[in-house]
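Student: Handing you a structure now.
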Amino acid sequence: MNSENLKPDEVKKAVSSLSQRQKKLLNKLLNPDPMIQGCIHIIYKKCGSKTCHCKDGKLHGPYTAIVRKVNGKSKLTYVDKLDIINKAKAYQKYNKRLALLRKINEEIFSQLRYLRDLNTNIYEK
């Protein structure tokens, strides 16, 4: 939200609304579902057999895998259990909520700084 040209009451209303969203989001973040670190990828592969259909482009798959960084390198782990996949999805959802919390906090900070500037005068003798 652009706070330019807003009246103090409008800024307060905007901050109050953002604060309510922040509170709901914090409640979700403070009560996380079980998670597994990594991103879910759907993979199709060639097997390498000269007589297989995959040599003509119809790859094997789909296979589900979780990819995560280990010592700066991507580590891929194949998964076939829905529970594990759901925990990896919960990890992604948690990170998206963290990013949203950061945006809300930045907007609250911006609005409060604008309100401060509206109510600040320069003192000169």
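The values are calculated or read from the model by the stated rules, or taken from the named source; none is laboratory data. On a predicted model such as this, the values are computed, not experimentally measured, just so you know. Every residue, glycine as well, gets a Cβ built from its backbone with ideal geometry; the counts of neighbours run over all protein chains shown.
Student: When you scan the range 60-87, how many residues do you find that are more than 23 Å from Gly48 (Cβ to Cβ) and β-branched (Val, Ile, Thr)?
Tutor: 4
Student: I'd like the full set of residues that are β-branched (Val, Ile, Thr) and modelled with pLDDT under 95, limited to the range 1-26. Explain how you work it out, then say what you get.
Tutor: So in the range 1-26, the residues β-branched (Val, Ile, Thr) come out as 11, 15.
The answer is Val11, and nothing else.
Student: Among the residues of the range 86-109, which ones are of a type outside the set (Asp, Glu), over 21 Å from Asn31 (Cβ atoms) and surrounded by 15 or more Cβ atoms within 10 Å (Cβ to Cβ)? I'd like the intermediate steps shown before the answer.
Tutor: If we filter the range 86-109 for residues that are of a type outside the set (Asp, Glu), which is where we start, we get 86-105, 108-109.
If we keep only those that are over 21 Å from Asn31 (Cβ atoms) as well, we get 108-109.
If the condition is that a residue be of a type outside the set (Asp, Glu), over 21 Å from Asn31 (Cβ atoms) and surrounded by 15 or more Cβ atoms within 10 Å (Cβ to Cβ), then Ile108 is the only one that fits.
Student: Sticking with this structure for a sec: Checking Val79 against (1) surrounded by 13 or more Cβ atoms within 10 Å (Cβ to Cβ); (2) in contact with a Pro (Cβ under 8 Å, 6 or more places away or on another chain), which single condition isn't satisfied?
Tutor: Only one criterion is unmet by Val79, namely (2).
Student: Determine, yes or no, whether Tyr114 is among the aromatic types (Phe, Trp, Tyr), assigned to a helix (DSSP H, G or I) and surrounded by 12 or more Cβ atoms within 10 Å (Cβ to Cβ). Break it down into steps so the answer makes sense when it comes.
Tutor: Values: among the aromatic types (Phe, Trp, Tyr): yes; assigned to a helix (DSSP H, G or I): yes; surrounded by 12 or more Cβ atoms within 10 Å (Cβ to Cβ): yes.
Spelling it out, Tyr114 is indeed among the aromatic types (Phe, Trp, Tyr), assigned to a helix (DSSP H, G or I) and surrounded by 12 or more Cβ atoms within 10 Å (Cβ to Cβ).
Yes or no, residue by residue, for (1) in a helix (DSSP H, G or I); (2) touching a residue at least 24 places away in the same chain (Cβ under 8 Å); (3) touching a Ser or Thr at 6+ places or on another chain (Cβ under 8 Å); (4) on the phi < 0 side of the Ramachandran plot:
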| position | (1), (2), (3), (4) |
| --- | --- |
| Leu76 | no, yes, no, yes |
| Gln92 | yes, yes, no, yes |
| Ala99 | yes, no, no, yes |
| Lys103 | yes, no, no, yes |
| Glu124 | no, no, no, yes |
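Student: Give the number of residues within the range 1-60 that are in contact (Cβ under 8 Å) with a residue 12 or more places away in the chain, of a type outside the set (Gly, Ala, Ser) and part of a helix (DSSP H, G or I).
Tutor: Step one: list which residues in the range 1-60 are in contact (Cβ under 8 Å) with a residue 12 or more places away in the chain, which gives 1, 3-4, 6, 8, 11-12, 14-15, 18-19, 21-22, 25-26, 28-29, 32-47, 59-60.
Still in the list and also of a type outside the set (Gly, Ala, Ser): 1, 4, 6, 8, 11-12, 15, 18, 21-22, 25-26, 28-29, 32-37, 39-47, 59-60.
So of that shortlist, the ones also part of a helix (DSSP H, G or I) come out as 8, 11-12, 15, 18, 21-22, 25-26, 28-29.
So the answer is 11.
Student: Among the numbered criteria (1) under 21 Å from the mean Cα position of the chain (by Cα); (2) outside any helix (DSSP H, G or I), which single criterion is violated by Tyr63?
Tutor: (1)
Student: Kindly provide the set of residues from the range 62-76 that are loosely packed, with under 13 Cβ neighbours inside 10 Å and more than 15 Å from Gln37 (Cα to Cα), ordered by number.
Tutor: Within the range 62-76, Pro62 is the sole residue that qualifies.
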